[in-house]
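Laboratory data are not the source of any read-out in this text; all were calculated from the coordinates shown. Computed from a predicted structure; not experimentally measured. Here the Cβ positions follow ideal geometry from the backbone for every residue, glycine too, while neighbour counts run over all protein chains shown.
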Amino acid sequence: MARKVTQGPMCVGLTSMTGLLWLLVANTAAGQTAEAFYASDVEAIVQRKCITCHRSGGQAGYTELRFTSSASSNHGVFDSFVNNPTKGARASTVLSKIRGASGHGGGQVISQGSADYQTFSSYMDLLSADEQPVDSGVLEVSLEEPVEGQVHTGVGNLRGWAVASEGITKVEILIDGVLAFEAPYGGSRGDVGGAFPDVAGSSASGFSLAFNYSALVAGSHTLTAVAYDALGETKESSASFEVVRFDSPFIADPNAVNLSNASCTVSSDEISIVNARVDGSLLDLMLKWRTAEQGFEIVEIR
Ligand code: HEC
């Protein structure tokens, strides 16, 4: 038996509408690191002006400064020389040796005031600078569905992500403040991985499950995701939302919905259906496009 919804052409157009949810991932361009600066600006000078003596077998091969053709290991050589025994302790030694002071075995190799000297001086500053606040333990959680302030009904998503430098051990879900269950954790989230490149496992940080919103009583609710890291620290993210539902929390009969005598009007991103027969009752329904769900959802049942 064919069922037909009385519909205007707009009704069809709307259902083909697509929307994209882009997580705008802020590019956390940290200040230039000493290593990056070494590779881009200093390495060439070292190859030109230092390595003839400062290599194994060279005139300065017995010193701590022995360079090779690898920029990253050469940076490592400077790092351990300059920051020993304390951060920046021997930065001034390097600067004075290269301008021929402090009895440099190689004499003056770079004159003070030259561009190369300036480059060395900046590099020493970067090497001596305090490290960026070392990853002082990231612990973040974000509940993405249910969506704050929105209406949810039927079986929908319950999802979000959580990251921790110490590793996430579990994500608990509380409904109206009461522990309900643990959410399965570890789903692929490339976008979160991009936002937290320094946190191990951040690209597999999703939690999600199908959740029957209609199992809750109609009205307002709050759902909270609590993320635990390996140190037992917690962080939570909540959303308050409205549940609209049919009388039955789950309509099992596949023939329970009949729109044969219903009519449909559309406006903006909403579809209004009048006289829908659902599970024996004649109801008016309102559907609205919802970005998070990437589809139309029932937001009103009258
Ligand atoms: C002509 C050879 C020669 C060149 C070129 C040369 N050096 Fe040296 N350098 C030496 C010798 C020999 C010593 C060991 C004696 C001393 O401590 O000055 C030395 C020592 C040093 C030291 C002290 C190392 C330690 O273990 O205490 C530093 C720092 C240094 N050089 C930096 C540089 C830098 C940077 C360059 C390039 C910009 C450079 N030198 C170029 C010969 C050279």
Would you mind calculating the relative contact order of segment 251-302 from Cα pairs under 8 angstrom and at least 6 residues apart, reporting the percent as a whole number?
26
Residue among PRO254, PRO146, PRO184 with the largest mean-square fluctuation in a Gaussian network model of the chain, springs linking Cα atoms under 10 Å
PRO254
Starting from the Cα gyration tensor of segment 251-302, multiply each eigenvalue by 5, take the square root, and state the resulting semi-axes largest first in whole Å.
20, 14, 8
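List the GluC sites (Glu not before Pro) in segment 111-219 that DSSP assigns to loop (not H, G, I, E or B) and whose Cβ has at most 15 other Cβ atoms within 10 Å. Which are they? Before the final figure, lay out each step's value.
Working: sites: GLU131, GLU140, GLU144, GLU148, GLU166, GLU172, GLU182; in loops: GLU131, GLU148, GLU166.
Qualifying residues, ordered by number: GLU131, GLU148.
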Exposed loop chymotrypsin sites (Phe, Trp or Tyr not before Pro) only (DSSP loop, at most 12 other Cβ atoms within 10 Å): please give the longest stretch of the chain free of them, not including the sites.
63-249
Kirkwood Rh and Cα-based Rg: tell me the resulting Rg over Rh for segment 84-163, rounded to two decimals.
1.53
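Write down the Kirkwood hydrodynamic radius of the chain, to one decimal in angstroms, obtained as one divided by the mean of 1/r over all alpha carbon pairs. Walk me through the numbers before you get to the answer.
Working: mean 1/r = 0.0403 Å⁻¹.
Mean inverse Cα-Cα distance, inverted, gives 24.8 Å.
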In Hz, Karplus ³J(HN,Hα) per residue of segment 176-189 (6.51, -1.76, 1.60; θ = phi - 60°; x = Gly, Pro)
6, x, 10, 4, 9, 5, 9, 8, x, 10, x, x, 5, 9
Charge-dipole axis of segment 210-302 as Lys and Arg at +1 and Asp and Glu at -1 on Cβ define it, positive-most pick from SER263, ALA239, ALA215:
SER263
If Lys and Arg each add +1 and Asp and Glu each add -1, what is the summed charge of the other residues whose beta carbon sits under 10 Å from the beta carbon of GLY280?
-2
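Hey, what number do you get for the chain at 222 nm if only DSSP H runs of n ≥ 4 count, each worth -39500 (n - 2.57), divided across all residues, to the nearest 500? Can you show the working numbers first?
Working: 7 runs with 58 residues, N = 302.
It comes out at -5000 deg cm²/dmol, rounded to the nearest 500.
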